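**Q** Before we start, here is the structure in question, set down as structure tokens.
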There are 2 protein chains.
Amino acid sequence: MTIITCLAPVNIAVIKYWGKRDERLILPLNDSVSATLSINQMHAKTTIFTSTDLSEDRIWLNGKEESFDESSRLLTCINEKKERECLNSGIETEDRSKWKVHVCSENNFPTGAGLASSAAGYACFVYCLTKVLNVDCEVSSVARLGSGSACRSVLGGFVRWHRGLKGDGSDSFAEQIVPAEHWPTLRIVILVVSDHKKKVSSTSGMQRSVETSELLKFRVSTVVPRRTEEIIKAIERKDFHSFAELTMKDSNQLHSVCLDTYPPAVYMNDVSHAIVDFVHKYNKLKGSSNKLAYTFDAGPNACLFTEGEHLSEVIALIKRVFPPLSDDNFVRGLPVQNKQIDALCKQFDNLLLPSCGPHEPGLLKYILSTKLGDGPTVVSEPGIHLLADKGLPKKQLEV
Amino acid sequence: MTIITCLAPVNIAVIKYWGKRDERLILPLNDSVSATLSINQMHAKTTIFTSTDLSEDRIWLNGKEESFDESSRLLTCINEKKERECLNSGIETEDRSKWKVHVCSENNFPTGAGLASSAAGYACFVYCLTKVLNVDCEVSSVARLGSGSACRSVLGGFVRWHRGLKGDGSDSFAEQIVPAEHWPTLRIVILVVSDHKKKVSSTSGMQRSVETSELLKFRVSTVVPRRTEEIIKAIERKDFHSFAELTMKDSNQLHSVCLDTYPPAVYMNDVSHAIVDFVHKYNKLKGSSNKLAYTFDAGPNACLFTEGEHLSEVIALIKRVFPPLSDDNFVRGLPVQNKQIDALCKQFDNLLLPSCGPHEPGLLKYILSTKLGDGPTVVSEPGIHLLADKGLPKKQLEV
């Protein structure tokens, strides 16, 4: 019997993945680049319990038992890698049929809020499996099989997912561009937008874009390759201005391609666009170089990037432009200094506020402040496991 | 002394004009195709008074005197054509310096509501000028100099604006594809969306797209030429299904390019996208071929196309999905039969309404029902002129 618990981070793409060239192997049409967010604010947590006493593979996701079907492919994959490793080292392989796994996983942030919960979840599951089976393999390409963008959550800092060229997907994996320590002053702020609209899932939207958007083809062949190289240079040089411009342009282009899809896939709403407007106006106010950037995934929530020195000012202004219903727990995550911004606010009120807000209160649910972080990790504090001694969820047993 | 009054129609593009290759001559990057709407529901009306007694050129637009500067270029242009005509016919030209014009123009629909008021206005002004000067010239390329899309309002039915290839713009003019009588059953419904947002003007949005959107280049070079030929065939064959698909795709692509602009130009809002959603769901409900199409210009208002047989059903469903604050004067324009749609509504309620509405009341200001119509025309009923005997506006004098 083995029990191991791991945490894995969320990642936010700055050069977006949109469109697969192989649906089964989840091979993307283009390279993508992402920032891995600190595990301290947001993470998926997975416990895997393995024993020869278990009768079947089972999985509990966010407190609810789900079918193991989708996960068995990843388990098989890691298992095969283990067997190959054993074969190469001349060690006898344990018979897979003799033992089963119980998996329990949860996110410490709302699922389906457009915050890439499946990416963190699959990355955590696969990483944890490699620890349970004690196999030393390339984790990202297995995580990719669960959910494409999951492959980028197995590394920290800034990460590039290579599309690869081979039909079997063996060269489609994630690679670290720089570790989190490279850009310690970078701050990431997530604006969770109040939204009740049923959304087009990213999987189906993506598929429809591949089938119907002519602009996607051009984006993939012409725009992304150059942008990928440019943003990597900007990240390496910590050139915030260029990083911000490329990030915003690529977010806009993703949503542009979604609109060019037939029928169109619409993820941003009026509040999202009001955030875009705010960011451009803030940058204009601050001078000639960008101090703030936005990016949007397949949902209305914004992810902002800024340097630490502007953070408290940015958050104070967001609260002015998008006033909360209540200050209670509105700003979460890394502590934000309550900076005096009267002078700036005055300037802001006069120059920009009339055209940019304040909006009616309550358009944002909350704000989460975080920064770059590392890849998945094993945790071993007492009481950390999500599964109890017999391999059943603690929370369910508590009921 | 001469006084002439003309009416000119509004046109709605189905293959969109977005981006100029020459800002001064207003030469477009691509061909566009439009439907001319009936003058009976919407028009610009212009009276021109010319006399040797007037001391200066003056213009009143929608009840307010404006500078004549923008109009003088068009006047000069028509005047030159007159001189050339006279020269060719051996007639002596009248000295332009001896007489001046007073122009009074108004729209019978709200200006700046994103309903192409400037297009109808410039078309009316130029057409009326040719009547006043009694010159027989190609009107569209002069109207183009006022506002690009105005060139399409000088003809009825479906119209193609050729981008042209020459640097002097002499081959950039409008041509009729089919007259209005070709498709008498086609109905056009304008949904005026309640909106208070300050909008990006189409001129500046367009310019920014040319400067920053890479997708626009691809659209212009690759997508539009093929779509233009396809939609002309669909119009000639009255193939509503193909016409609808091409119209919706091209509207989506225009707004897609606007989003790919940096900073993005956003014209559609959440209500616009809810209309898009409704149209796709209605088409799905009606079977495999499209029965309804949407198109959006540089604003949130929708323009819908449908065949007459579906009109009353479509309007009844729109009123269900987007309930008015009051039924009073909500549906305007061509009379719409109050069809019993209980059976369909039931089907609609069960299958689609939960995911598509009803929305909160008041999202739409009003609905205007109209159809294809002819080009500009001279009107001569008694009391029709906007200018009185001395060339001053009747309305202002009445004050």
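**Q** So who's got an amide H within less than 5 Å of the one on A:Leu387, skipping anything under 5 residues away but keeping other chains? H placed 1.01 Å off N, in plane.
**A** Correct list: A:Lys394.
**Q** Looking at the square roots a ≥ b ≥ c of the eigenvalues of the Cα gyration tensor of segment A:117-228, which shape do they give, rounded for a/c under 1.5, prolate if a/b is larger than b/c, or oblate? The partial results should precede the final answer.
**A** On the way: a/c = 1.37, a/b = 1.23, b/c = 1.12.
In terms of gyration-tensor shape, rounded.
**Q** Kirkwood Rh, Cα Rg: Rg to Rh for segment A:45-90?
**A** Working: Rg = 13.1 Å, Rh = 12.5 Å.
Value, to two decimals: 1.05.
**Q** Now a separate question. Set the Förster radius R0 to 41 Å, insert the Cβ-Cβ distance between B:Cys86 and A:Lys217 as r into 1/(1 + (r/R0)^6), and round the FRET efficiency to 0.05. Working shown, then result.
**A** Numbers: r = 55 Å, r/R0 = 1.33.
With a Förster radius of 41 Å, E is 0.15.
**Q** Sticking with this one: Quote the convex hull volume per residue of segment A:221-317, based on C-alpha atoms, as a whole number of Å³.
**A** Numbers: hull volume 10.0 nm³, N = 97.
Convex hull volume per residue, Cα atoms: 103 Å³.
**Q** Measuring label to label, 7 Å along Cα→Cβ, what does A:Glu230 give against each other copy in nm, shortest first?
**A** Ordered by increasing distance: 3.0 nm.
**Q** Same structure again: With 34 Å as the cut-off, how large is the P(r) tail for chain A, expressed as percent of Cα-Cα pairs?
**A** Details: 24795 of 79401 pairs.
The answer is 31 percent, as a whole percent.
**Q** Let me ask something else. Take the residue pairs A:Lys131/A:Lys217; A:Lys82/A:Lys217; A:Lys20/B:Lys249; A:Lys20/B:Lys346; B:Lys98/B:Lys395 and return only those whose Cα atoms are more than 31 Å apart.
**A** A:Lys131/A:Lys217; A:Lys82/A:Lys217; A:Lys20/B:Lys346
**Q** Report the residues of segment A:124-144 in range of a label on A:Ser380: point 7 Å along Cα→C-beta, backbone N strictly under 18 Å from it.
**A** Counting backbone N atoms under 18 Å from the label point, the list is A:127-136.
**Q** Charges at C-beta only: +1 for Lys and Arg, -1 for Asp and Glu. How large is the resulting dipole of the protein assembly as shown about its Cα centre, in Debye rounded to 20?
**A** Around 120 debye, computed over the protein assembly as shown.
**Q** Please build a GNM for chain A, connecting alpha carbons under 10 Å apart, and tell me which residue among A:Lys131, A:Lys166, A:Lys284 fluctuates the most.
**A** Checking each option, the largest mean-square fluctuation is seen for A:Lys166.
**Q** Gaussian network model of chain A, Cα springs within a sub-10 Å range: biggest mean-square fluctuation belongs to which of A:Asp168, A:Asp250, A:Asp297?
**A** A:Asp168
**Q** Calculate the tail of P(r) for the protein assembly as shown: the fraction of all Cα-Cα distances greater than 54 Å, expressed in %.
**A** So the portion of pairs separated by more than 54 Å is 22 percent.
**Q** Report the one residue of A:Val314, A:Ile235, A:Leu246 whose Cα lies farthest in the direction of the positive end of the charge dipole of segment A:228-314 (charges on C-beta: Lys and Arg +1, Asp and Glu -1; origin at the Cα centre).
**A** Comparing the listed Cα positions along the dipole, A:Val314 ranks first.
**Q** Using the Cα centre of segment B:186-371 as the reference point, and only Cβ charges (+1 on K/R, -1 on D/E), how large is the resulting charge dipole? Debye, rounded to the nearest 20.
**A** 180 debye
**Q** Just to be sure I understand: with springs between alpha-carbon atoms less than 10 Å apart, which residue in B:Cys104, B:Cys137, B:Cys128 has the highest mean-square fluctuation in the Gaussian network model of chain B?
**A** B:Cys137
**Q** Would you mind classifying segment B:136-196 by shape? Square roots of the alpha carbon gyration tensor eigenvalues, ordered a ≥ b ≥ c; an a/c under 1.5 is rounded, otherwise it is prolate if a/b is larger than b/c and oblate if not.
**A** oblate
**Q** If you place +1 on the Cβ of every Lys and Arg and -1 on the Cβ of every Asp and Glu, how big does the dipole about the Cα centre of chain B come out, in debye to the nearest 20? Can you show the working numbers first?
**A** On the way: 47 positive and 48 negative charges, 164 e Å.
In total the dipole reaches around 780 debye.
**Q** Helix B:202-212 against the longest principal axis of chain B: what's the angle in degrees, Cα atoms only, rounded to the nearest 10?
**A** 80 degrees
**Q** Report, to the nearest 10°, how far helix B:240-259 tilts away from the longest principal axis of the Cα atoms in chain B, using its own Cα long axis and a range of 0 to 90°.
**A** Helix B:240-259 sits roughly 80 degrees off the main axis of chain B.
**Q** In addition: Mind checking which aspartates and glutamates have their C-alpha under 14 Å from A:Lys371, skipping anything on the same chain fewer than 8 residues away?
**A** Those aspartates and glutamates meeting the cut-off are A:Glu181, A:Glu307, A:Glu309.
**Q** Considering Cα pairs under 8 angstrom that are at least six residues apart, work out the relative contact order of chain B and quote it in whole percent.
**A** Computed over chain B, the figure is 23 percent.
**Q** Could you check the spin-label model distance between A:Met1 and B:Asn40? Points 7 Å from the Cα along Cα→Cβ, value in nm.
**A** About 8.5 nm, to one decimal.
**Q** Let me ask you something else. Can you list the trypsin sites (Lys or Arg not before Pro) in segment B:170-279 that are in a DSSP coil and have 11 or fewer other beta carbons within 10 angstrom?
**A** Sparse-neighbourhood loop trypsin sites (Lys or Arg not before Pro): B:Lys198.
**Q** Where does the Debye-calculated log10 I(q)/I(0) of segment B:186-371 sit at q = 0.08, 0.15 Å⁻¹, using only Cα point scatterers of equal weight, no solvent?
**A** Taking Cα atoms of segment B:186-371 as identical point scatterers yields -0.28, -0.95.
**Q** Give me the distance in nm between label points sitting 7 Å out from Cα along the Cα-to-Cβ direction at B:Asp22 and A:Ser242, one decimal.
**A** Taking the simple label geometry, B:Asp22 and A:Ser242 are separated by 3.8 nm.
**Q** Additional query: Is the shape of segment B:179-263 best called rounded, prolate or oblate, per the rule: a/c under 1.5 gives rounded, else a/b larger than b/c gives prolate, else oblate, with a ≥ b ≥ c the square roots of the Cα gyration tensor eigenvalues? Let's see the in-between values first.
**A** On the way: a/c = 2.90, a/b = 1.43, b/c = 2.02.
Since a/c reaches 1.5 but b/c is at least a/b, the shape of segment B:179-263 is classed as oblate.
**Q** Sticking with this one: So what's the net charge close to A:Asp328: Lys and Arg +1, Asp and Glu -1, counting the other residues with Cβ under 15 Å from its Cβ?
**A** Local net charge: +2.
**Q** Given 10 Å bins starting at zero, what is the percent of C-alpha pairs of segment B:1-71 in each, up to the one with the largest pair distance?
**A** Cα pair-distance distribution for segment B:1-71, in percent: 15, 29, 36, 18, 2.
**Q** For B:Val10, A:Val159, what ranking results if the residue with the fewest other Cβ atoms within 10 Å of its Cβ goes first?
**A** The most exposed by this proxy come first: A:Val159, B:Val10.
**Q** How long is segment B:281-399 along each principal axis, judged by its Cα atoms, biggest number first, in Å?
**A** Answer, in whole Å and largest first: 64, 31, 30 Å.
**Q** Now a separate question. If each of B:Ser170 and A:Ser288 carries a label point 7 Å out from its Cα toward its Cβ, how far apart are those two points in nm?
**A** The answer from the label model is 4.4 nm.
Every number here is computed from the coordinates shown, using simple stated rules; none is lab data. For clarity, every value in this text was computed on a predicted model and none was experimentally measured. Ideal geometry is used to build each Cβ from the backbone, glycine not excepted, and the neighbour counts take in all protein chains shown.
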